[in-house]
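Accompanying notes for the structure given below.
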Amino acid sequence: MSSEHAGQTSDDTAIRVEGLTKEFRFYDQPSDRLKELLVFNRRRHHTIKQALSDVSFTVRHGEAVGVMGRNGAGKTTLLSILTGTTAPTSGSVDVYGQVGAILGLGVGFLPQYTGRENLRSGLIARDVPRDTLAAKEAEVIEFSELGEAIDDPLRTYSSGMAVRLGFSLAISAEPDILIVDEALAVGDAAFQNKCQRAIRGFMEQGKTLFFVSHNTGILEAVCDRGIVLERGRVVCDGSIREAIEQVRVRFFGHDPDAPSSPGERAWGDPDVGLVRVDMRQARLMRENVYEQHQGEWARIAVTVRTPTPVERPTIGIIMHNALGKEVCGYSTVNSSVALPRIDAGEFSFEARVPLNVPPGMYTFRLSIADQVSKPPRLVHIWQDVCAVRVRSVGYTVRGMVDPGIEVLYGDDVYSLRVENERRRGARPGGE
């Protein structure tokens, strides 16, 4: 069954789903339901459709999770169970925190009432104090940009207008967890961008987003993790880029067994291989995916095996965000001190990257080359050698990265680095 808890769990879980299954009964005619209720009738008069089958996952506070799948994959059923409007057949769902939900176009609104009346009822249902009701109502109307249409019956609204009202109401309640079902796929581009900015502001507060959509562009813009459902089962749970690739592979005719083209995952000398990669002083979430806080140092320890020597080696590391855009990077190619020759066999090194970035999922691209010739010989490139989910410490980073901006006032220094050291006792350089 689904439950909602006011506090957070000790492991900072926002949503926990375990073994979730949902079955629906279908009857050919209404009288068949009555026949089954008769004690003496043991014959089954219905067919069963399994909308969800043994679904399990955990969402932590501060994550932005995008859910994808074909129509009928079970996405809406999952959200209905998460919000408590539908009961599961078996399994458990626990939601920790106040939930704001936008399920479909105008779900929960009464079409015969005006937008203002629906808005007011929604605010009261969300326990907005009566002495602040008028101010909150004005705030929602201003954000929705509905103007005079707020006093028209909801049945006269277009789908885009209904979304404006629904999203504005949901975000105004300042929930801990925002659950959205396709709502931002309609409406004009300007309002979609406005909603995305509001969601980014929501996420900067360390809150949780669970977002179902067919629009992979929007999911890439606001999510760092993706879950793909197929026939009621989870077939992918990873970074948003991995999930979108799975959607393309499974639903758009790509061959899942076809080899990756150069540049997608890894390329170079096929005999050069990674022996191990790990991020020191980071929490392991799942294979090759770690978690750290803003302002900490990602310490990526790498061991590589090469069958031949690398005479004049160079090493490069680039960090990408969830959209695949380069955030920052470094290469030893122009270093005034050359790296020593690498002999055949195994060699190890460590790359350190300051996580002065907004919260979200990031991946690292590793490259090794040999400058013995011109152009240099590519030894190997690994596109996604590992990933880290950067958790918010309540410090806002403007743009893609904070290069170390500091404000000096009196005898004090104010910056992301200093604030992180004050809060967590971290030492520069990850030592």
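The values are calculated or read from the model by the stated rules, or taken from the named source; none is laboratory data. Because the structure is a prediction, the values reported are computed rather than measured. As a convention, Cβ positions derive from the backbone with ideal geometry for all residues, glycine included, and neighbour counts pool all protein chains shown.
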Q: Scan the range 80-94 and report the pairs whose first residue is outside the structural domain of VAL212 (by TED's automatic domain parsing) and without any contact (Cβ under 8 Å) to a residue 60 or more places away in the chain and whose second residue is surrounded by 22 or more Cβ atoms within 10 Å (Cβ to Cβ) and of a type outside the set (A, V, I, L, M), with Cβ atoms within less than 9 Å and a gap of 6+ or a chain change.
A: none
Q. How many residues are out of contact with any helix residue (DSSP H, G or I) (no Cβ under 9 Å at 6 or more places or on another chain), free of Cβ contacts under 8 Å to residues at least 60 places away in the same chain and crowded, with 19+ Cβ neighbours inside 10 Å if we restrict to the range 290-332?
A. 2
(Q) If PHE202 meets every condition in (1) touching a Cys at 6+ places or on another chain (Cβ under 8 Å); (2) within 14 Å of GLY100 (Cα to Cα); (3) without any contact (Cβ under 8 Å) to a residue 40 or more places away in the chain apart from one, which number is that one? (A) (1)
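Matching residues to (1) among the basic types (Lys, Arg); (2) in contact with a Phe, Trp or Tyr (Cβ under 8 Å, 6 or more places away or on another chain); (3) at pLDDT below 85:
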| residue | (1), (2), (3) |
| --- | --- |
| GLU142 | no, no, no |
| THR156 | no, no, no |
| GLY160 | no, yes, yes |
| VAL180 | no, yes, yes |
| GLY187 | no, no, yes |
| GLY201 | no, no, yes |
Q: Would you mind stating whether TYR330 is farther than 21 Å from VAL310 by Cβ, of a type in the set (Ser, Thr, Tyr) and either touching a Phe, Trp or Tyr at 6+ places or on another chain (Cβ under 6 Å) or in the same structural domain as ALA301 (by TED's automatic domain parsing) (or both)?
A: no
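Filter the range 295-320 down to the residues that are part of a loop (DSSP other than H, G, I, E, B) and in contact with a Leu (Cβ under 6 Å, 6 or more places away or on another chain), then identify the one that is nearest to VAL385 (Cα to Cα).
Only one residue tops the list, namely GLU296.
Okay, residues lined up against (1) hydrophobic (A, V, I, L, M, F, W, C); (2) at pLDDT below 80; (3) farther than 25 Å from ILE199 by Cα:
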{"position": "VAL17", "(1), (2), (3)": "yes, no, no"}
{"position": "VAL59", "(1), (2), (3)": "yes, no, no"}
{"position": "LEU78", "(1), (2), (3)": "yes, no, no"}
{"position": "ILE102", "(1), (2), (3)": "yes, yes, no"}
{"position": "GLY108", "(1), (2), (3)": "no, yes, no"}
Q.
Every residue in the range 280-289 that is surrounded by fewer than 21 Cβ atoms within 10 Å (Cβ to Cβ), touching a residue at least 40 places away in the same chain (Cβ under 8 Å) and in a loop (DSSP other than H, G, I, E, B), please.
A. GLN281, ASN288
Q: Pick out the one residue from SER144, SER159 that is in contact (Cβ under 8 Å) with a residue 24 or more places away in the chain and surrounded by fewer than 17 Cβ atoms within 10 Å (Cβ to Cβ).
A: SER159
Q | Conditions (1) over 14 Å from the mean Cα position of the chain (by Cα); (2) of a type outside the set (Lys, Arg); (3) farther than 23 Å from LYS325 by Cα; number of the one not met by ASN193 | A | (3)
(Q) Against the definition (closer than 26 Å to VAL302 by Cα, modelled with pLDDT of 85 or more and surrounded by 19 or more Cβ atoms within 10 Å (Cβ to Cβ)), how does PRO354 come out, yes or no? (A) yes
Q.
Among (1) under 26 Å from THR303 (Cβ atoms); (2) not in a strand (DSSP E or B), there is one condition THR396 misses while meeting the rest; what is its number?
A. (1)
(Q) Here are the criteria: (1) in a loop (DSSP other than H, G, I, E, B); (2) modelled with pLDDT of 85 or more; (3) not aliphatic (A, V, I, L, M). Tell me which single one ASN118 does not satisfy. (A) (1)
Q: May I ask you to list the residues in the range 81-97 that are more than 11 Å from LYS22 (Cα to Cα) and surrounded by 15 or more Cβ atoms within 10 Å (Cβ to Cβ)?
A: LEU82, THR83, GLY84, VAL93, ASP94, VAL95, TYR96, GLY97
